[in-house]
Amino acid sequence: MESMVRPSNGFLSALSADDYELIRAHLRTVDLPHDAVLVETGETLKRAYFPHRGVISLVVKLAKGEHVQVAMVGRDSLLGTLSTMGDACALNTAVVLVPGVASVMDLDRLRIAAEQSSTLRTLLTRHGLAVYAQVQQTAGCNAAHPVEARLSRCLLHTHDLSGDYRLLLTQEAMAQMIGARRNSVSLVANTLQQANFIHYSRGHIQILNLDGLRQTACECYATVKAQYDRLLGP
């Protein structure tokens, strides 16, 4: 019965009964509006976010105005793992990529709970490592793999994190996701649509063929998924 009343977030669901009780009273539910900025680079992250639905994009902003996504956080994890265990100064900007709903709590409260429980600290560490694995693989992927493979990877990952086949993603957002120019994204999205893997119109994407996207994606999708399964469980 206890598991049924918990929010539908992978991190919260994985907590033991005792660990969940440490934070339960401090959780509250908020909307995640599209394009909402949760923290900017250099700011202090004050709240931890546990998405039930929706996806949070971690973005690096470069001096000439380019924005490049380095990782995503969705319903399987949380925003704020490393800040809980150390410096709360944000290393990147966190913006809502796919709108949804999340549980939130003050980061200080989560830090106090982690100090009281070694099992909670261990789970936070494993989630932090999973995000780090995603950042590392994304860097290699964007440097070495074709745009078509990178976009397929990101669409698959966004589907996994959001649980939705319908996504609101502009060409600009997809360009940030894969570190490419908008005209390249437009050409590749058209190619995927002609193959009947997706339907794309004015920022609205419907995924039609997951297997087709998996065959088009590079090995990075499976590599990151394997790391998440190893660290967090299937």
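The values are calculated or read from the model by the stated rules, or taken from the named source; none is laboratory data. All of these numbers come straight from a predicted model, not from anything done at the bench. FYI the Cβ positions are ideal-geometry reconstructions off the backbone, even for glycines, and counts take in every protein chain you see. To get the accessible areas, we keep the full protein, side chains included, count just its heavy atoms, and leave off ligands, DNA and RNA. Shrake-Rupley method; radii C 1.70, N 1.55, O 1.52, S 1.80 Å.
For the stretch 10-141, what class follows from the C-alpha gyration tensor (a ≥ b ≥ c being the square roots of its eigenvalues): rounded when a/c is under 1.5, otherwise prolate if a/b is larger than b/c, else oblate? It comes out prolate by the Cα gyration axes. Remark: the stretch 44-56, residue by residue, has Karplus-estimated 3J(HN,Hα) of 8, 6, 9, 10, 8, 10, 10, x, 8, 9, x, 9, 9 Hz, where x stands for each Gly or Pro and the curve is 6.51 cos²θ - 1.76 cosθ + 1.60 at θ = phi - 60°.
Helix 147-162 versus the longest principal axis of the chain: what is the Cα-based angle in degrees, 0 to 90, to the nearest 10? Approximately 40 degrees, to the nearest 10. Calculated mean residue ellipticity, 222 nm, the chain: -14500 deg cm²/dmol, from DSSP H runs (n ≥ 4) at -39500 (n - 2.57) each, averaged per residue and rounded to 500. Ranked by the mean number of other Cβ atoms within 10 Å per residue, highest first, peptides 194-206, 62-74 order as 62-74, 194-206. The charge dipole of the stretch 146-217, taken about the Cα centre with unit charges on the Cβ atoms of Lys, Arg (+1) and Asp, Glu (-1), comes to about 180 debye, rounded to the nearest 20. Would you list which aspartates and glutamates come within 18 Å of K225, measuring only between C-alpha atoms, while excluding same-chain residues fewer than 8 positions from it? Leaving aside aspartates and glutamates fewer than 8 places away in the same chain, those within reach of K225 are D76, D160, D164, D211. Label separation (L187 vs D35): 2.7 nm, computed from points 7 Å beyond Cα along the C-beta direction. A Cβ-based charge dipole, computed about the Cα centre of the chain with Lys and Arg at +1 and Asp and Glu at -1, lands at about 360 debye. Among residues other than A133 whose Cβ falls under 12 Å from its Cβ, what is the net charge (Lys/Arg +1, Asp/Glu -1)? With Lys, Arg at +1 and Asp, Glu at -1, the neighbours total +2. Ranking T84, V55, S103 by Cα position along the charge dipole of the stretch 10-141, where only Lys, Arg, Asp and Glu carry charges on their C-beta atoms, puts V55 farthest toward the positive end. Full extension of the chain between L208 and Q116 gives 28.5 nm of extra length, using 0.36 nm per residue less the Cα-Cα distance. In this structure the amide hydrogen of E43, modeled in the peptide plane, comes within under 5 Å of the amide hydrogens of A90, none closer than 5 places in sequence on its chain. A 1.4 Å probe run over the chain, with the rest of the protein chains in place, finds 49 Å² accessible per residue.
Contact order, relative form, for the stretch 146-217: 42 percent (alpha carbon pairs under 8 Å, 6 or more residues apart, mean separation divided by residue count).
Within straight-line reach of K46, meaning a Cα separation under 21 Å, sit the following lysines at least 8 residues removed in sequence or on another chain: K61. Note on the chain: with neighbouring protein chains present and a 1.4 Å probe, carbon and sulfur make up 51 percent of its accessible heavy-atom surface.
The angle between the Cα long axis of helix 118-144 and the longest principal axis of the Cα atoms of the chain comes to about 20 degrees, rounded to the nearest 10.
Taking only C-alpha pairs under 8 Å that are 6+ residues apart, what is the relative contact order of the chain in percent? Across the chain, relative contact order equals 21 percent.
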